[in-house]
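The values are calculated or read from the model by the stated rules, or taken from the named source; none is laboratory data. In this text the structure is predicted, and so the values were computed from the model without any measurement. Every residue, glycine as well, gets a Cβ built from its backbone with ideal geometry; the counts of neighbours run over all protein chains shown. For accessibility, only protein heavy atoms count, side chains too; no ligands or nucleic acids. Shrake-Rupley method; radii C 1.70, N 1.55, O 1.52, S 1.80 Å.
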Amino acid sequence: QVQLVESGGGFVQAGGSLRLSCAASTSTFSIAAIDWYRQAPGKQREWVAGISRSGLTNYADSVKGRFTISRDNAEKMVWLQMNGLKPEDTAVYYCRAALPPSNYWGQGTQVTVSS
């Protein structure tokens with residue numbers, strides 16, 4: 001059983017920063033690709049950023065240059081540093097671990113950005 005726990009969400013004004021954390025319970029964390037997704041009210045869940053097991057990163061165009069994803073395999077942690085936050089970044093943020101053939105999701109953490 002893989003458990004993921006997100007934290008670090010909160011309320012911030014536009015232009016501010018937050019750092020989200022995703023803590024994993026699995027001993028196979030180091031081989032998992034980890035992604036952050038978000039879901040705003042009334043919208044579909046969308047992919048935000050991803051990091052491979054070797055540390056290669058990729059970002060959605062909407063967050064490129066503002067968000068940074070990183071990981072520490074020894075600590076079984078992934079972070080999403082979010083700078084220059086905009087009201088449209090408001091959403092519940094989820095981390096997902098891809099361990100084929102399964103995907104595992106955390107419970108999400110709310111990020112609210114006021115204008």
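Some points to look at:
- The chain: relative contact order as a whole-number percent, Cα under 8 Å and 6+ apart: 36
- A full extension of the chain between Gln44 and Thr112 corresponds to an added length of 22.8 nm, given 0.36 nm per residue minus the alpha carbon distance.
- Neighbourhood net charge (10 Å Cβ-Cβ; Lys/Arg +1, Asp/Glu -1) for Leu4: +1
- Of the solvent-accessible surface of the chain, computed with a 1.4 Å probe over protein heavy atoms with every protein chain present, carbon and sulfur atoms account for 48 percent.
- For the range 52-96, size of Cβ-based charge dipole, Lys and Arg +1, Asp and Glu -1, in debye: 120
- The range 79-105-the range 1-45 distance, computed between alpha-carbon centres (Å): 4
- Theoretical gain in end-to-end length, Trp105 to Glu75 [0.36 nm per residue, Cα-Cα removed]: 9.0 nm
- Taking the Cα centre of the range 1-103 as reference, the dipole from Cβ charges on Lys and Arg (+1) and Asp and Glu (-1) amounts to some 60 debye.
- FRET efficiency, Ser27 to Thr57 (Cβ-Cβ, R0 30 Å, nearest 0.05): 0.80
- Within the chain, the proportion of C-alpha pairs whose separation exceeds 18 Å stands at 44%.
- Sequence-separation-based contact order of the range 1-65, relative, with Cα cut under 8 Å and 6+ spacing, percent: 22
- In Å, descending, principal axis extents of the Cα set of the range 54-97: 34, 20, 16
- What the Cα atoms of the range 13-60 give is an Rg and a Dmax of 13.2, 38 Å.
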